[in-house]
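The values are calculated or read from the model by the stated rules, or taken from the named source; none is laboratory data. The structure presented is a predicted model; accordingly, all values stated were derived computationally and were not measured. Cβ placement follows ideal geometry from the backbone for every residue including glycine, while neighbour counts extend to all protein chains displayed. SASA here: full protein model, heavy atoms, side chains in, ligands and nucleic acids out. Shrake-Rupley method; radii C 1.70, N 1.55, O 1.52, S 1.80 Å.
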Amino acid sequence: MLTYMCVCGSITHAVPVFSPQLLGELYPDKEYLDKLLKDPGLELQKKDKSIYNTVEEALSYLDQRTEFWRQQKPMYTRKREKELKKYKPKPTRPIGSDPAKHIVKSLEEIDAALANGDAEKSLKQAEQTMKACLASDVPNKAELLATLHSCIGNALLELGDTEKALESHLKDLKLAEERDMLDAQSRALDNLGKVYSILGDYQKATEYWQKKVPLVRSPEEGTWLFHELGCCNLELQCYQEAREYGSQSLQAAEECGDQTWQLNASVLLAQAECKLENLEAALQSFNRSLDLAKALDDEQSQKAIGKAIEDINARLAQPDDATEGKDGEESS
């Protein structure tokens, strides 16, 4: 579902069901902006259009971030299942006496608790498992410790403690780099970019996500990573870079046949083209996005994209003030 549209100054957004865990520290800001927008005493839309548009844009961005991280949950689960398979111990001891088997089972429970929305339980169990792992002589100990740091960081992020989440993900990255564990490096870079993006530090998020690019192993992974890099560059007002990443995201989405990510990438491309004042190119990307939204039977996205197309057509129909002024000077 499309949740954000910024088209040449006009904002359209569809509001999904919000999760405090997904937004973390930003959730109170979202609540405040919602109340501000709906306050009948203020009547922002009538009294101050510029403030109204700013509030709308902020809410639109929060909508986008929430929906994006919600979409990442299934992908994260699949990646974690693959990781856990590597840690399955060989039956060298009687069942029940193998600490590695117990730790792997705990990792599965930690992930399940987080997936079910119980971040506190996930955090508590991860910390307990960390102590058990440190005290045990288990195979792949460094990988298990790195994974547990990642689990703790994810739980802390869900609980809104971004500073401690950063510390845990940095520990994950440090262990991964020391032991040359590429999968763990990719995971840590991913999570660090995510935390900095939530904090609004798009430059830092971009730095970590760019380091992850050479470690991408599938078009499914590439399409969302390039999309996120493009969104960060939009926020940093680096519009040409945003367009390049949007194009890469679209290419990866087409490669894996994922129409939802083709839609996301097409909208990103349109946004970047619009910021670059390439209205014809923006219109082309939005028309492609509309076709994809129809194929996905996504009515909310169809409405948002349709409004964007109307806005661009209206701008294209406006006379070129600069050209008119020049013609007037010549005729005089």
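Could you rank 226, 286 by how accessible they are, 1.4 Å probe, largest area first?
Ranked from most to least accessible, the order is 226, 286.
Could you sort out which of 101/121; 211/303; 141/211; 212/307; 204/307; 194/294 sit more than 28 Å apart by Cα distance in this structure?
Pairs exceeding 28 Å: 211/303; 212/307; 204/307; 194/294.
May I ask you to give the average projected area over all directions of the convex hull of the Cα atoms of region 99-186, in nm² rounded to one decimal?
5.2
Tell me, what is the FRET efficiency for residue 256 and residue 210 to the nearest 0.05, using R0 = 30 angstrom and their Cβ-Cβ distance as r?
Approximately 0.90, to the nearest 0.05.
Set the Förster radius R0 to 22 Å, insert the Cβ-Cβ distance between residue 295 and residue 217 as r into 1/(1 + (r/R0)^6), and round the FRET efficiency to 0.05.
Efficiency computed from Cβ-Cβ geometry: 0.20.
Between residue 240 and residue 287, what is 0.36 nm times their sequence separation minus the Cα-Cα distance? Round to one decimal in nm.
Extending this stretch completely gives an extra 14.9 nm.
So for region 177-326, averaging the separation of alpha carbon pairs under 8 Å that are six or more residues apart and normalising by length, what relative contact order in percent results?
Over region 177-326, the number comes to 14 percent.
Go ahead and run the numbers for FRET between residue 278 and residue 115, Cβ-Cβ distance against an R0 of 51 Å, rounding to 0.05.
0.75
List the pair-distance distribution P(r) of region 233-287, using every Cα-Cα distance, as the percent of pairs falling in each 10 Å bin from 0 up to the bin containing the longest distance, rounded to whole percents.
In order of increasing distance, the bins hold 30, 53, 17, 0 percent.
Bins of 10 Å, beginning at zero and ending with the bin holding the largest distance: percent of Cα pairs per bin for region 134-244, please.
For region 134-244, the binned pair fractions read 15, 42, 32, 9, 2, 0 percent.
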